[in-house]
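The values are calculated or read from the model by the stated rules, or taken from the named source; none is laboratory data. Not measured: the values here are computed from a predicted model. Neighbour counts are summed over all protein chains in view; Cβ atoms, including those assigned to glycine, are modelled from backbone coordinates with ideal geometry. Calculation scope for accessible area: heavy atoms of the full protein, side chains included, ligands and nucleic acids excluded. Shrake-Rupley method; radii C 1.70, N 1.55, O 1.52, S 1.80 Å.
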Amino acid sequence: MSNNMKFPPSVEIKRAIAAAERAGIQIRSIEIQPRKIVIVARDSTEEEPKRQTYAEWKVAQRDNR
């Protein structure tokens, strides 16, 4: 794989998310692309999604098989 196709390291992703949260951005989704992190803001009229713990997510993944 060529060097220009590397994805951002996890520390950069965490920094970008933390900076967006400090700026008051409510995050709808995050897209990780080679050499780019895209944070999509949630519209203020949208309801906040239900948050899942990792254990809840894992159970849901197992049940969807």
> How many of the residues in the stretch 8-30 are among the basic types (Lys, Arg) and more than 13 Å from the chain's Cα centre (by Cα)?
Replying inline: 1
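The rows are residues; the columns are (1) over 30 Å from Met5 (Cα atoms); (2) open to solvent by 80 Å² or more (accessible area, probe 1.4 Å); (3) in a strand (DSSP E or B).
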{"site": "Ile17", "(1), (2), (3)": "no, no, no"}
{"site": "Arg28", "(1), (2), (3)": "no, yes, yes"}
{"site": "Ile32", "(1), (2), (3)": "no, no, yes"}
{"site": "Ile39", "(1), (2), (3)": "no, no, yes"}
{"site": "Ser44", "(1), (2), (3)": "yes, yes, no"}
{"site": "Glu47", "(1), (2), (3)": "yes, yes, no"}
{"site": "Lys50", "(1), (2), (3)": "yes, yes, no"}
{"site": "Val59", "(1), (2), (3)": "yes, no, no"}
> Which ones in the stretch 9-35 are in contact (Cβ under 8 Å) with a residue 12 or more places away in the chain and of a type outside the set (S, T, N, Q)?
Replying inline: Glu12, Ile13, Ala16, Ile17, Ala20, Ile25, Ile27, Arg28, Ile30, Ile32, Pro34, Arg35
